[in-house]
Amino acid sequence: MLRIAQSLENQLRDAMQRAFPEAAAAGQAFDPQLAPASKPEFGDFQANGALPLAKPLGQPPRKIAEAVVEQLKADAGFLDLCQEPQIAGPGFINITLQPERLAAEVQQRLGDARLGVPAVEQASPVVVDFSSPNIAKEMHVGHLRSTIIGDSLARVLEFRGHPVLRLNHVGDWGTQFGMLITHLKQVAPEALETADAVDLGDLVAFYREAKKRFDEDEAFQTTSREEVVKLQGGDPVSLKAWGLLCDQSRREFQKIYDRLDIRLSERGESFYNPYLEGVVRDLEATGLLVVDDGARCVFLEGVSGKDGKPLPVIVQKSDGGFNYATTDLAAIRYRFGSVPEGDGARRVVYVTDAGQANHFAGVFQVARRAGWLPDGARLEHVPFGLVQGEDGKKLKTRAGDTVRLRDLLDEAVERSDADLRRRLEEEDRSEDEAFIEHVATTVGLAAVKYADLSQNRITNYQFSFDRMLALQGNTAPYLLYAVVRIAGIARKGGDLDASASGALQFSEPQEWALVRELLKFDAVIAEVEEELLPNRLCTYLFELSQVFNRFYDQVPVLKSEGIARQSRLALCRLTADTLKLGLGLLGIPTLDRM
């Protein structure tokens, strides 16, 4: 009800100014402090603006509220929209919308593909940096959160109308590549001469072999370090070996992204190499760069180490080399358009684990002090906690290894398949293998995504296949089943696509509860866009499903007649559309049967 809330806010502010014209003339600011009502019995909205006016106006808040309400009662436009406002407590103004307006809002959303969610008036380019695995290392459970949280935020921002650049800042540069390239040249030299002459196979095993040699063989170490210099210097053979390793990893990453329906544009650390010197020049020109023990640093304001001295962000090491901070600073310059060919973004969002919070806080401070952010631009870190096992410890395999992401997804689908086959047997239903495979895959992957997104991303969460695949509770299967239940109404003869011939009419409390829940959707999407918390959308969809199930269990739909039947079918249709759109913004497809 964003549009209604905005209209109400304007009407309330005007009423406050009319109630206290002298204060308005003197420049007193009036903020209605309009918010959704905390409980259904308080109406639809609550205006709390009388309380902070008590001191400047020198009157009790309740008396201020009474004066404002008198003005609202004289406003025909307000009374067309709302019932007579009520004063509660020390001066809260409770506002209930006219039933006809609520019904009209539902009717309007039935013919709207956006379900009442307005596109932003002034769209601005947004960069969302997420996933970001390292080349030659397999994607593991730690990449799960960044990948699906980043994807859901990108989907919401795109839906709101922002042009979004989804960037995969892969780790494709650095000293480890000297080790990997040296190993490749020595164990598979033919790969450098003939395309696809050798399959690198399990890159994780390849990395481990190279690392073992690096740790144990001094000559290999020396050659590896020389290889880094060659690579950074643009040696064509080294660059070809590097490219082979990147391509192999990229193919493996893409299998995961395709499976999870993730779209990304790769722009690795190597992309920013030409811009590293520009970072140093810019920071020197602004006077921020300080030489400390041979290294070039920017000392942070308000951040001290254990010795009480300001902590530095090292921009260039004493040996002349650059580091992650330099690359991230170069990326910020590029993304905000501080270089002519840059992205020109106005909001840049980094989705990484909470352990990198201090790193980004330091890098962001340097970027702001250097003046690289345009006026009004936003630079945000979206941190997330660990994925834990049911024992509360970091999720590991029984052998103590990091859980590979593809293995976790495989197990989710396998368990979903077993659950579905068991349920089909219990219900004495027969379905073909194509149906079982499709449903098991959809539900299994949805369960993994939703279990993650439904948590407050800032906290750790315990991973449990049993909980995430349950048909009850705040789970993907529960929400998917709600959509299936509504699809079943259509199969039983309920025409969900037919519009009511007249205005919708509702009389039952369960109907009005569902109407009000449906009309919250636009505000929830705007909230996720602003606060970057996907769990807010998950909570809303779960609560909507609960309200719908109560409505459907207690109010006859198919057995009702006339306008009541049409109005109730309209609520079913809008609920299905809202669940489908909301789940789609989380990256979760829906089913008609399961």
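Points worth noting:
- Residue within the stretch 473-489 that is among the hydroxyl-bearing types (Ser, Thr, Tyr) and not in a helix (DSSP H, G or I) present: yes
- Restricting the stretch 66-82 to residues that are in contact (Cβ under 8 Å) with a residue 40 or more places away in the chain and open to solvent by 10 Å² or more (accessible area, probe 1.4 Å), the residue that is nearest to residue 505 (Cα to Cα): 77
- The stretch 152-173 - residue that is part of a loop (DSSP other than H, G, I, E, B) and buried (at least 19 other Cβ atoms within 10 Å of the Cβ) and, of those, modelled with the lowest pLDDT: 173
- Among the residues of the stretch 376-410, just one is modelled with pLDDT of 95 or more and open to solvent by 70 Å² or more (accessible area, probe 1.4 Å), namely 378.
- Just one of the listed residues (122, 107) is out of contact with any helix residue (DSSP H, G or I) (no Cβ under 8 Å at 6 or more places or on another chain) and open to solvent by 30 Å² or more (accessible area, probe 1.4 Å), and it is 122.
- Residue match in the stretch 146-162 (condition: of a type in the set (Lys, Arg), under 26 Å from residue 337 (Cα atoms) and in contact with a Leu (Cβ under 7 Å, 6 or more places away or on another chain)): yes
- Yes/no for residue 302 being over 27 Å from residue 233 (Cβ atoms), open to solvent by less than 70 Å² (accessible area, probe 1.4 Å) and outside any helix (DSSP H, G or I): no
- Out of 379, 469, 373, sole residue that is within 24 Å of the chain's Cα centre (by Cα) and within 18 Å of residue 587 (Cβ to Cβ): 469
- Residue 395 being more than 27 Å from the chain's Cα centre (by Cα) and aliphatic (A, V, I, L, M): no
- Count of the stretch 25-62 residues which are part of a helix (DSSP H, G or I), touching a residue at least 12 places away in the same chain (Cβ under 8 Å) and not aliphatic (A, V, I, L, M): 6
- Selection of the stretch 97-136 for residues being in contact with a Cys (Cβ under 9 Å, 6 or more places away or on another chain) and of a type in the set (D, E, K, R) yields only 101.
- Filter result for the condition that a residue is within 35 Å of the chain's Cα centre (by Cα), among the acidic types (Asp, Glu), surrounded by 14 or more Cβ atoms within 10 Å (Cβ to Cβ) and closer than 30 Å to residue 148 by Cβ, over 112, 129, 44: 129
- Residues (closer than 17 Å to residue 276 by Cβ, open to solvent by less than 30 Å² (accessible area, probe 1.4 Å) and without any contact (Cβ under 8 Å) to a residue 12 or more places away in the chain) located in the stretch 305-347: 321, 342
- Counted residues, the stretch 113-151 - those being in a loop (DSSP other than H, G, I, E, B) and either within 18 Å of residue 523 (Cβ to Cβ) or among the hydrophobic types (A, V, I, L, M, F, W, C) (or both): 14
- Taking every residue in the stretch 161-177 that is touching a residue at least 60 places away in the same chain (Cβ under 8 Å) and pairing it with any residue that is in a strand (DSSP E or B) and small (Gly, Ala, Ser), at least 6 positions away or on another chain, the pairs with Cβ-Cβ distances below 9 Å are 165/265; 166/265; 167/265; 168/265.
- From the options 591, 544, 586, residue that is touching a Cys at 6+ places or on another chain (Cβ under 8 Å) and touching a residue at least 24 places away in the same chain (Cβ under 8 Å): 586
- Residue check for residue 287: open to solvent by less than 70 Å² (accessible area, probe 1.4 Å), over 20 Å from residue 339 (Cβ atoms) and small (Gly, Ala, Ser): yes
- Top-ranked residue in the stretch 217-266 [being closer than 28 Å to residue 320 by Cα and outside any helix (DSSP H, G or I); ranked as nearest to the chain's Cα centre (by Cα)]: 266
- Of the residues making up the stretch 502-517, none is open to solvent by 40 Å² or more (accessible area, probe 1.4 Å), part of a helix (DSSP H, G or I) and over 25 Å from residue 43 (Cβ atoms).
- Scanning the stretch 232-247 for residues that are of a type in the set (A, V, I, L, M) and closer than 19 Å to residue 134 by Cα yields 239, 241, 244, 245.
- Members of the stretch 556-594 that are in contact with a Pro (Cβ under 9 Å, 6 or more places away or on another chain), open to solvent by less than 10 Å² (accessible area, probe 1.4 Å) and outside any helix (DSSP H, G or I): 586
The values are calculated or read from the model by the stated rules, or taken from the named source; none is laboratory data. The structure displayed is predicted, hence computed values, not measured ones. Heads up, the Cβs are rebuilt from the backbone with ideal geometry, glycines too, and the neighbour counts pull from every protein chain shown. Heads up: the accessible areas ignore ligands, DNA and RNA and are worked out on the full protein's heavy atoms, side chains in. Shrake-Rupley method; radii C 1.70, N 1.55, O 1.52, S 1.80 Å.
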